[in-house]
Amino acid sequence: MACIGSSRLCARAEKLCQFGHFAQLRRKVSTTCTKSRPEIPTSTSTLVQHCQKRSTRECRLGVAGRAMSSMQTQQPGSLPEYQVDPYRLLEDDLKYIYDDIRQVLLANGTSEELKTISTYYFDGQGKALRPMVAILVSRAINYHKGRDNLLPSQKQVAMISEMIHNASLLHDDVIDQSPIRRGKPSVNEVWSQKKATMAGDYILSIATMMIARLRNNDVTITLSQVVTDLVQGEFMQLGSKETENERFTHYLTKTYRKTASLIANSSKAVAMLANADEQLTELAFQYGRNIGLAFQLVDDLLDFVSSSDAMGKPTAADLKLGLATAPVLFACERFPELNAMIMRRFQEPGDVEKAFELVHKSQGLEQTRFLARKHCNEAIRIANSLAESPYQKGLAIVSDLVINRLK
Ligand code: FPP
Ligand code: MG
(Lines give C-alpha, C1' and ligand atoms only; values in the text may rest on other atoms or scores of the structure.)
(Ligands and ions follow the chains in the order given, each with its own letter.)
Protein backbone atom coordinates (compact mmCIF):
# COMPACT_ATOMS: atom_id res chain seq x y z
CA MET A 1 0.00 0.00 0.00
CA ALA A 2 1.01 3.57 -0.57
CA CYS A 3 1.33 4.72 2.96
CA ILE A 4 5.01 5.55 3.38
CA GLY A 5 5.51 1.86 3.92
CA SER A 6 3.57 1.98 7.16
CA SER A 7 -0.11 1.34 7.59
CA ARG A 8 0.28 2.38 11.21
CA LEU A 9 0.92 5.94 10.07
CA CYS A 10 -2.26 5.86 8.01
CA ALA A 11 -4.19 4.42 10.88
CA ARG A 12 -2.91 7.10 13.19
CA ALA A 13 -3.60 9.82 10.65
CA GLU A 14 -7.15 8.55 10.23
CA LYS A 15 -7.70 8.43 13.94
CA LEU A 16 -6.55 12.00 14.39
CA CYS A 17 -8.75 13.10 11.53
CA GLN A 18 -11.79 11.51 13.08
CA PHE A 19 -11.23 13.63 16.13
CA GLY A 20 -10.82 16.75 14.06
CA HIS A 21 -7.26 17.42 15.19
CA PHE A 22 -6.27 18.59 11.74
CA ALA A 23 -8.69 21.46 11.96
CA GLN A 24 -6.75 22.91 14.83
CA LEU A 25 -3.14 22.45 14.01
CA ARG A 26 -1.73 24.84 16.50
CA ARG A 27 1.18 24.68 18.75
CA LYS A 28 2.79 26.73 21.39
CA VAL A 29 6.41 27.43 20.61
CA SER A 30 8.66 25.72 23.06
CA THR A 31 11.35 27.96 24.42
CA THR A 32 13.40 25.10 25.75
CA CYS A 33 16.86 24.66 24.29
CA THR A 34 19.75 22.43 24.97
CA LYS A 35 22.01 25.45 25.16
CA SER A 36 21.11 28.98 25.87
CA ARG A 37 22.81 32.32 25.88
CA PRO A 38 21.71 34.79 28.50
CA GLU A 39 21.63 37.95 26.39
CA ILE A 40 19.47 38.81 23.45
CA PRO A 41 20.73 41.86 21.54
CA THR A 42 18.79 44.91 22.69
CA SER A 43 17.44 45.95 19.32
CA THR A 44 16.15 42.48 18.53
CA SER A 45 14.82 42.00 22.01
CA THR A 46 12.79 45.18 21.70
CA LEU A 47 11.54 44.08 18.33
CA VAL A 48 10.47 40.72 19.64
CA GLN A 49 8.65 42.27 22.58
CA HIS A 50 6.95 44.63 20.18
CA CYS A 51 5.87 41.72 18.02
CA GLN A 52 4.85 39.74 21.03
CA LYS A 53 2.58 42.51 22.24
CA ARG A 54 0.94 43.19 18.93
CA SER A 55 -0.81 40.77 16.66
CA THR A 56 1.19 39.29 13.80
CA ARG A 57 -1.03 41.13 11.35
CA GLU A 58 -0.26 44.46 13.01
CA CYS A 59 3.44 43.66 12.87
CA ARG A 60 3.44 43.41 9.10
CA LEU A 61 4.97 46.32 7.28
CA GLY A 62 6.36 47.08 3.86
CA VAL A 63 7.77 44.48 1.50
CA ALA A 64 8.41 41.99 4.24
CA GLY A 65 4.84 42.54 5.36
CA ARG A 66 3.50 41.74 1.93
CA ALA A 67 5.60 38.63 1.82
CA MET A 68 4.31 37.62 5.20
CA SER A 69 0.70 38.11 4.22
CA SER A 70 1.29 36.07 1.11
CA MET A 71 2.87 33.22 3.01
CA GLN A 72 0.66 33.33 5.95
CA THR A 73 -3.03 33.50 5.23
CA GLN A 74 -3.49 31.33 8.20
CA GLN A 75 -6.28 29.21 9.47
CA PRO A 76 -8.17 31.57 11.79
CA GLY A 77 -6.39 32.14 15.05
CA SER A 78 -3.57 29.80 14.19
CA LEU A 79 -0.72 32.15 15.13
CA PRO A 80 -0.82 33.08 18.79
CA GLU A 81 0.04 36.72 19.45
CA TYR A 82 3.20 36.04 21.39
CA GLN A 83 4.97 34.33 18.54
CA VAL A 84 7.92 35.86 16.73
CA ASP A 85 7.10 36.88 13.18
CA PRO A 86 10.16 35.79 11.16
CA TYR A 87 9.45 38.25 8.34
CA ARG A 88 9.19 41.11 10.82
CA LEU A 89 12.28 39.91 12.64
CA LEU A 90 14.24 39.91 9.38
CA GLU A 91 12.62 42.99 7.94
CA ASP A 92 15.90 44.87 7.51
CA ASP A 93 17.64 41.86 5.95
CA LEU A 94 14.81 41.14 3.53
CA LYS A 95 13.79 44.70 2.68
CA TYR A 96 16.09 45.06 -0.32
CA ILE A 97 16.51 41.43 -1.29
CA TYR A 98 14.44 41.73 -4.47
CA ASP A 99 16.01 45.10 -5.32
CA ASP A 100 19.45 43.57 -4.93
CA ILE A 101 18.55 40.64 -7.17
CA ARG A 102 17.09 42.99 -9.77
CA GLN A 103 20.22 45.08 -9.64
CA VAL A 104 22.57 42.17 -10.28
CA LEU A 105 20.41 40.95 -13.19
CA LEU A 106 20.20 44.42 -14.70
CA ALA A 107 23.90 45.12 -14.24
CA ASN A 108 24.96 41.98 -16.13
CA GLY A 109 22.37 42.06 -18.92
CA THR A 110 22.95 43.53 -22.35
CA SER A 111 19.49 43.06 -23.88
CA GLU A 112 16.76 45.34 -22.54
CA GLU A 113 14.13 42.66 -23.16
CA LEU A 114 16.11 40.00 -21.33
CA LYS A 115 16.54 42.39 -18.40
CA THR A 116 12.79 43.03 -18.31
CA ILE A 117 11.89 39.35 -18.52
CA SER A 118 14.46 38.13 -16.02
CA THR A 119 13.36 40.66 -13.40
CA TYR A 120 9.63 40.15 -14.03
CA TYR A 121 8.97 37.94 -10.97
CA PHE A 122 11.33 39.81 -8.65
CA ASP A 123 8.66 42.38 -7.95
CA GLY A 124 8.55 42.00 -4.18
CA GLN A 125 5.24 40.14 -4.24
CA GLY A 126 6.63 36.66 -3.64
CA LYS A 127 6.73 34.83 -0.32
CA ALA A 128 10.54 35.05 -0.24
CA LEU A 129 10.44 31.80 1.73
CA ARG A 130 13.86 30.65 0.57
CA PRO A 131 15.78 33.86 1.37
CA MET A 132 13.88 34.18 4.62
CA VAL A 133 14.86 30.65 5.71
CA ALA A 134 18.47 31.10 4.54
CA ILE A 135 18.85 34.31 6.54
CA LEU A 136 17.05 32.94 9.58
CA VAL A 137 19.27 29.85 9.61
CA SER A 138 22.33 32.10 9.13
CA ARG A 139 21.42 34.29 12.04
CA ALA A 140 20.42 31.37 14.30
CA ILE A 141 23.69 29.56 13.57
CA ASN A 142 25.79 32.73 13.92
CA TYR A 143 24.12 33.42 17.25
CA HIS A 144 24.70 29.82 18.31
CA LYS A 145 28.38 30.40 17.61
CA GLY A 146 28.40 33.63 19.62
CA ARG A 147 28.10 36.13 16.79
CA ASP A 148 25.39 38.65 16.09
CA ASN A 149 25.84 39.67 12.49
CA LEU A 150 24.76 38.40 9.11
CA LEU A 151 27.73 37.76 6.84
CA PRO A 152 27.53 39.37 3.37
CA SER A 153 28.25 35.93 1.89
CA GLN A 154 25.24 34.48 3.72
CA LYS A 155 23.05 37.22 2.28
CA GLN A 156 24.42 36.30 -1.16
CA VAL A 157 23.31 32.69 -0.59
CA ALA A 158 19.83 33.96 0.30
CA MET A 159 19.73 35.83 -3.02
CA ILE A 160 21.19 32.90 -4.95
CA SER A 161 18.57 30.51 -3.55
CA GLU A 162 15.73 32.80 -4.68
CA MET A 163 17.35 33.19 -8.10
CA ILE A 164 17.79 29.44 -8.62
CA HIS A 165 14.17 28.97 -7.52
CA ASN A 166 12.97 31.61 -9.95
CA ALA A 167 14.97 30.16 -12.83
CA SER A 168 13.46 26.76 -12.16
CA LEU A 169 9.94 28.24 -12.12
CA LEU A 170 10.49 29.89 -15.49
CA HIS A 171 11.45 26.49 -16.90
CA ASP A 172 8.69 24.72 -15.03
CA ASP A 173 6.00 26.96 -16.50
CA VAL A 174 7.29 26.13 -19.97
CA ILE A 175 7.16 22.41 -19.18
CA ASP A 176 3.70 22.67 -17.55
CA GLN A 177 2.47 25.23 -20.12
CA SER A 178 1.22 27.30 -17.24
CA PRO A 179 -0.34 30.67 -18.09
CA ILE A 180 -0.22 32.15 -14.54
CA ARG A 181 2.50 32.59 -11.95
CA ARG A 182 2.47 34.71 -8.81
CA GLY A 183 -0.93 36.11 -9.66
CA LYS A 184 0.01 37.45 -13.05
CA PRO A 185 0.39 36.12 -16.58
CA SER A 186 3.48 33.92 -16.74
CA VAL A 187 6.57 34.91 -18.71
CA ASN A 188 5.90 32.16 -21.27
CA GLU A 189 2.41 33.57 -21.74
CA VAL A 190 3.43 37.24 -22.05
CA TRP A 191 6.57 36.71 -24.14
CA SER A 192 7.22 33.18 -25.43
CA GLN A 193 8.29 29.69 -24.39
CA LYS A 194 11.72 30.29 -25.90
CA LYS A 195 12.28 33.62 -24.17
CA ALA A 196 11.08 32.19 -20.85
CA THR A 197 13.61 29.36 -21.20
CA MET A 198 16.43 31.78 -22.00
CA ALA A 199 15.49 34.08 -19.12
CA GLY A 200 15.64 31.08 -16.77
CA ASP A 201 19.07 30.22 -18.15
CA TYR A 202 20.20 33.82 -17.71
CA ILE A 203 19.10 34.01 -14.05
CA LEU A 204 20.77 30.65 -13.38
CA SER A 205 23.99 31.79 -15.02
CA ILE A 206 24.15 34.97 -12.93
CA ALA A 207 23.44 32.92 -9.81
CA THR A 208 26.33 30.64 -10.81
CA MET A 209 28.66 33.63 -11.09
CA MET A 210 27.59 34.75 -7.65
CA ILE A 211 28.35 31.27 -6.28
CA ALA A 212 31.81 31.37 -7.88
CA ARG A 213 32.50 34.76 -6.30
CA LEU A 214 31.96 33.29 -2.83
CA ARG A 215 35.25 31.47 -3.41
CA ASN A 216 34.35 28.59 -1.15
CA ASN A 217 34.68 25.16 -2.77
CA ASP A 218 32.41 23.37 -0.30
CA VAL A 219 29.68 25.96 -0.77
CA THR A 220 30.09 25.73 -4.55
CA ILE A 221 29.68 21.96 -4.46
CA THR A 222 26.70 22.23 -2.10
CA LEU A 223 24.83 24.77 -4.22
CA SER A 224 25.70 22.99 -7.47
CA GLN A 225 24.07 19.88 -6.04
CA VAL A 226 20.82 21.86 -5.88
CA VAL A 227 20.74 22.43 -9.63
CA THR A 228 21.46 18.74 -10.27
CA ASP A 229 18.66 17.79 -7.90
CA LEU A 230 16.18 20.23 -9.43
CA VAL A 231 16.73 18.87 -12.91
CA GLN A 232 16.61 15.24 -11.80
CA GLY A 233 13.56 15.83 -9.60
CA GLU A 234 11.72 17.40 -12.52
CA PHE A 235 12.86 14.53 -14.74
CA MET A 236 11.60 11.95 -12.24
CA GLN A 237 8.21 13.62 -12.41
CA LEU A 238 7.92 12.61 -16.05
CA GLY A 239 7.99 8.93 -15.10
CA SER A 240 5.86 6.72 -12.89
CA LYS A 241 6.29 3.49 -10.95
CA GLU A 242 4.31 0.25 -11.06
CA THR A 243 3.77 -0.63 -7.41
CA GLU A 244 2.28 1.53 -4.69
CA ASN A 245 5.34 1.33 -2.42
CA GLU A 246 7.72 2.17 -5.23
CA ARG A 247 5.46 5.05 -6.15
CA PHE A 248 5.55 6.62 -2.74
CA THR A 249 9.34 6.31 -2.50
CA HIS A 250 9.60 7.80 -5.99
CA TYR A 251 7.31 10.67 -4.97
CA LEU A 252 9.28 11.46 -1.80
CA THR A 253 12.64 11.36 -3.60
CA LYS A 254 11.24 13.58 -6.32
CA THR A 255 9.84 15.96 -3.72
CA TYR A 256 13.20 16.19 -1.98
CA ARG A 257 15.01 16.89 -5.24
CA LYS A 258 12.47 19.30 -6.69
CA THR A 259 11.78 21.35 -3.59
CA ALA A 260 13.58 20.39 -0.40
CA SER A 261 17.13 20.20 -1.76
CA LEU A 262 17.25 23.94 -2.46
CA ILE A 263 16.16 24.88 1.06
CA ALA A 264 18.30 22.15 2.68
CA ASN A 265 21.48 22.94 0.77
CA SER A 266 21.09 26.72 1.11
CA SER A 267 20.78 26.18 4.88
CA LYS A 268 23.86 23.97 4.76
CA ALA A 269 25.78 26.56 2.71
CA VAL A 270 25.10 29.40 5.16
CA ALA A 271 26.15 27.14 8.04
CA MET A 272 29.40 26.37 6.19
CA LEU A 273 30.00 30.08 5.68
CA ALA A 274 29.60 30.52 9.44
CA ASN A 275 32.38 27.94 9.91
CA ALA A 276 29.95 25.61 11.62
CA ASP A 277 31.30 22.16 12.42
CA GLU A 278 30.01 19.09 10.61
CA GLN A 279 27.33 18.35 13.17
CA LEU A 280 25.92 21.88 13.15
CA THR A 281 26.06 21.99 9.35
CA GLU A 282 24.11 18.74 9.23
CA LEU A 283 21.51 20.21 11.60
CA ALA A 284 21.08 23.18 9.28
CA PHE A 285 20.72 20.84 6.30
CA GLN A 286 18.15 18.65 8.06
CA TYR A 287 16.16 21.69 9.18
CA GLY A 288 15.93 22.89 5.58
CA ARG A 289 15.17 19.41 4.29
CA ASN A 290 12.23 18.98 6.66
CA ILE A 291 10.85 22.45 5.97
CA GLY A 292 11.19 21.83 2.23
CA LEU A 293 9.43 18.47 2.31
CA ALA A 294 6.61 19.89 4.44
CA PHE A 295 6.27 22.90 2.14
CA GLN A 296 5.85 20.72 -0.96
CA LEU A 297 3.43 18.34 0.78
CA VAL A 298 1.26 21.33 1.72
CA ASP A 299 1.59 22.64 -1.84
CA ASP A 300 0.34 19.31 -3.16
CA LEU A 301 -2.53 19.42 -0.68
CA LEU A 302 -3.48 22.99 -1.58
CA ASP A 303 -3.64 21.97 -5.23
CA PHE A 304 -6.79 20.05 -4.23
CA VAL A 305 -8.39 22.57 -1.90
CA SER A 306 -7.31 26.10 -2.73
CA SER A 307 -8.44 28.41 -5.49
CA SER A 308 -6.28 29.66 -8.35
CA ASP A 309 -6.97 33.22 -7.24
CA ALA A 310 -5.62 32.54 -3.78
CA MET A 311 -2.56 30.65 -4.99
CA GLY A 312 -1.70 32.97 -7.87
CA LYS A 313 -1.19 29.92 -10.09
CA PRO A 314 -3.50 27.27 -11.55
CA THR A 315 -4.88 24.79 -9.03
CA ALA A 316 -6.32 21.30 -9.48
CA ALA A 317 -3.40 21.26 -11.90
CA ASP A 318 -1.42 18.20 -10.84
CA LEU A 319 -3.99 15.62 -11.96
CA LYS A 320 -4.42 17.42 -15.27
CA LEU A 321 -0.64 17.24 -15.70
CA GLY A 322 -0.84 13.48 -15.04
CA LEU A 323 0.83 13.78 -11.63
CA ALA A 324 -0.07 11.59 -8.66
CA THR A 325 1.00 13.52 -5.56
CA ALA A 326 0.66 12.51 -1.90
CA PRO A 327 -3.14 13.05 -1.59
CA VAL A 328 -3.78 10.64 -4.48
CA LEU A 329 -1.17 8.15 -3.32
CA PHE A 330 -2.74 8.04 0.12
CA ALA A 331 -6.25 7.86 -1.37
CA CYS A 332 -5.23 4.73 -3.30
CA GLU A 333 -5.33 2.72 -0.12
CA ARG A 334 -9.05 3.33 0.28
CA PHE A 335 -9.88 3.44 -3.45
CA PRO A 336 -7.62 0.96 -5.33
CA GLU A 337 -9.31 1.90 -8.61
CA LEU A 338 -7.05 4.96 -8.55
CA ASN A 339 -4.08 2.72 -9.38
CA ALA A 340 -5.14 2.22 -12.98
CA MET A 341 -5.78 5.95 -13.38
CA ILE A 342 -2.32 6.74 -11.98
CA MET A 343 -0.71 4.32 -14.42
CA ARG A 344 -2.42 5.99 -17.39
CA ARG A 345 -1.61 9.43 -15.91
CA PHE A 346 -5.31 10.39 -15.69
CA GLN A 347 -5.51 10.54 -19.47
CA GLU A 348 -8.90 8.94 -20.08
CA PRO A 349 -11.99 11.15 -20.16
CA GLY A 350 -13.37 11.59 -16.64
CA ASP A 351 -10.18 10.40 -14.90
CA VAL A 352 -9.26 13.79 -13.48
CA GLU A 353 -12.76 14.46 -12.12
CA LYS A 354 -13.11 10.94 -10.67
CA ALA A 355 -9.67 11.02 -9.03
CA PHE A 356 -10.38 14.47 -7.59
CA GLU A 357 -13.64 13.20 -6.10
CA LEU A 358 -12.03 10.07 -4.63
CA VAL A 359 -9.24 12.08 -3.02
CA HIS A 360 -11.84 14.25 -1.29
CA LYS A 361 -13.82 11.17 -0.21
CA SER A 362 -10.68 9.53 1.23
CA GLN A 363 -8.43 10.58 4.07
CA GLY A 364 -5.71 11.48 1.57
CA LEU A 365 -5.70 15.19 2.30
CA GLU A 366 -5.55 14.70 6.07
CA GLN A 367 -2.86 12.05 5.72
CA THR A 368 -0.82 14.42 3.57
CA ARG A 369 -1.15 17.14 6.20
CA PHE A 370 -0.22 14.63 8.87
CA LEU A 371 2.99 13.77 7.04
CA ALA A 372 3.77 17.46 6.49
CA ARG A 373 3.19 18.06 10.19
CA LYS A 374 5.64 15.26 11.00
CA HIS A 375 8.36 17.03 9.02
CA CYS A 376 7.47 20.36 10.64
CA ASN A 377 7.79 18.80 14.08
CA GLU A 378 11.19 17.44 13.15
CA ALA A 379 12.22 20.93 11.99
CA ILE A 380 11.07 22.35 15.32
CA ARG A 381 13.01 19.69 17.21
CA ILE A 382 16.14 20.67 15.29
CA ALA A 383 15.51 24.39 15.87
CA ASN A 384 15.15 23.75 19.58
CA SER A 385 18.59 22.21 19.72
CA LEU A 386 20.17 25.57 18.84
CA ALA A 387 21.05 28.29 21.32
CA GLU A 388 18.00 30.27 22.35
CA SER A 389 17.57 33.44 20.32
CA PRO A 390 14.77 35.22 18.46
CA TYR A 391 16.12 33.64 15.27
CA GLN A 392 16.08 30.15 16.71
CA LYS A 393 12.47 30.75 17.79
CA GLY A 394 11.76 32.14 14.35
CA LEU A 395 12.93 28.84 12.84
CA ALA A 396 10.25 27.04 14.80
CA ILE A 397 7.61 29.57 13.74
CA VAL A 398 8.48 29.00 10.08
CA SER A 399 7.18 25.47 10.42
CA ASP A 400 3.87 26.89 11.69
CA LEU A 401 3.68 29.16 8.68
CA VAL A 402 4.38 26.25 6.37
CA ILE A 403 1.82 23.88 7.84
CA ASN A 404 -0.92 26.48 8.28
CA ARG A 405 -0.61 28.38 5.04
CA LEU A 406 -3.70 28.56 2.91
CA LYS A 407 -1.94 29.78 -0.21
C1 FPP B 1 7.53 23.73 -9.56
O2 FPP B 1 6.81 22.55 -9.67
C3 FPP B 1 8.91 23.44 -10.07
C4 FPP B 1 10.01 23.23 -9.34
C5 FPP B 1 9.98 23.35 -7.88
C6 FPP B 1 11.34 22.87 -9.96
C7 FPP B 1 11.41 22.81 -11.46
C8 FPP B 1 12.76 22.40 -11.97
C9 FPP B 1 13.12 22.41 -13.26
C10 FPP B 1 12.20 22.85 -14.35
C11 FPP B 1 14.50 21.97 -13.66
C12 FPP B 1 15.32 23.12 -14.21
C13 FPP B 1 16.02 23.83 -13.10
C14 FPP B 1 16.71 25.01 -13.20
C15 FPP B 1 17.48 25.49 -12.04
C16 FPP B 1 16.72 25.86 -14.40
P17 FPP B 1 5.24 22.44 -9.77
O18 FPP B 1 4.85 22.43 -11.18
O19 FPP B 1 4.88 21.25 -8.97
O20 FPP B 1 4.73 23.71 -9.01
P21 FPP B 1 3.87 24.92 -9.53
O22 FPP B 1 2.46 24.57 -9.23
O23 FPP B 1 4.35 26.08 -8.71
O24 FPP B 1 4.11 25.10 -10.98
MG1 MG C 1 4.28 23.85 -12.54
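The values are calculated or read from the model by the stated rules, or taken from the named source; none is laboratory data. All figures in this text were calculated on a predicted structure; none of them were measured in a lab. Note that we place each Cβ from the backbone using ideal geometry, even for glycine, and neighbour counts take in every protein chain shown. What goes into the accessible areas is simple: the full protein's heavy atoms, side chains included, and nothing from ligands, DNA or RNA. Shrake-Rupley method; radii C 1.70, N 1.55, O 1.52, S 1.80 Å.
Taking the condition farther than 14 Å from L273 by Cα, hydroxyl-bearing (S, T, Y) and open to solvent by 50 Å² or more (accessible area, probe 1.4 Å), does T197 pass? The answer is no for T197. I'd like the full set of residues that are within 11 Å of ligand 1 (Cβ to nearest atom), touching a residue at least 40 places away in the same chain (Cβ under 8 Å) and open to solvent by 30 Å² or more (accessible area, probe 1.4 Å), limited to region 203-245. Across region 203-245, the qualifying residues are L204, V227, E234. Being within 22 Å of E112 (Cβ to Cβ), under 23 Å from the mean Cα position of the chain (by Cα) and within 16 Å of ligand 2 (Cβ to nearest atom) is a property that holds for G200.
Counting the residues of region 80-119 that are among the basic types (K, R) and under 21 Å from the mean Cα position of the chain (by Cα) gives 2.
Scoring K254 on the criteria (1) charged (D, E, K, R); (2) more than 29 Å from I180 (Cβ to Cβ); (3) open to solvent by less than 50 Å² (accessible area, probe 1.4 Å) leaves a single failure, condition (2). Yes or no: region 165-181 includes at least one residue that is hydroxyl-bearing (S, T, Y), touching a Leu at 6+ places or on another chain (Cβ under 6 Å) and in a helix (DSSP H, G or I). Yes, region 165-181 contains at least one residue that is hydroxyl-bearing (S, T, Y), touching a Leu at 6+ places or on another chain (Cβ under 6 Å) and in a helix (DSSP H, G or I). Scanning region 162-206 for residues that are at positive phi and among the charged types (D, E, K, R) yields one hit, R182.
Evaluate the following for A264: is it closer than 30 Å to I141 by Cβ, among the hydrophobic types (A, V, I, L, M, F, W, C) and out of contact with any Pro (no Cβ under 8 Å at 6 or more places or on another chain)? Yes. Are any of the residues in region 361-372 over 23 Å from K258 (Cα atoms) and open to solvent by 30 Å² or more (accessible area, probe 1.4 Å)? Yes, some residue in region 361-372 is over 23 Å from K258 (Cα atoms) and open to solvent by 30 Å² or more (accessible area, probe 1.4 Å). The one condition from (1) closer than 27 Å to E234 by Cβ; (2) surrounded by 20 or more Cβ atoms within 10 Å (Cβ to Cβ) that Q392 does not meet is (1). Remark: pairs (first residue in region 380-392, in a helix (DSSP H, G or I); second residue of a type outside the set (A, V, I, L, M, F, W, C) and surrounded by fewer than 22 Cβ atoms within 10 Å (Cβ to Cβ); Cβ separation under 8 Å; 6+ apart in sequence or on different chains) = I380/R27; I380/S30; I382/Q286; P390/T44; P390/S45; Q392/N384. Of the residues making up region 158-177, those that are surrounded by 19 or more Cβ atoms within 10 Å (Cβ to Cβ) and farther than 16 Å from L230 by Cβ are A158, M159. Within region 264-284, being assigned to a helix (DSSP H, G or I) and either acidic (D, E) or under 14 Å from the mean Cα position of the chain (by Cα) (or both) holds for A264, N265, S266, S267, E278, E282.
Report the residue count in region 250-295 for those that are more than 16 Å from ligand 2 (Cβ to nearest atom) and touching a residue at least 24 places away in the same chain (Cβ under 8 Å).
Going through region 250-295 one residue at a time, the tally reaches 30.
Within region 301-357, being open to solvent by 30 Å² or more (accessible area, probe 1.4 Å), among the charged types (D, E, K, R) and within 14 Å of ligand 1 (Cβ to nearest atom) holds for K313, K320. Specify the residue that is farthest from ligand 2 (Cβ to nearest atom); the eligible residues are those in region 126-153 that are out of contact with any Gly (no Cβ under 9 Å at 6 or more places or on another chain), farther than 19 Å from A260 by Cα and open to solvent by less than 10 Å² (accessible area, probe 1.4 Å). Among those residues, the one meeting the criterion is N142. The number of residues in region 172-196 that are without any contact (Cβ under 8 Å) to a residue 40 or more places away in the chain and near ligand 1 (Cβ under 9 Å from one of its atoms) comes to 2. Give the residue, chosen from S138, S153, S118, that is in contact (Cβ under 8 Å) with a residue 12 or more places away in the chain and within 16 Å of ligand 1 (Cβ to nearest atom). Answer to the selection: S118.
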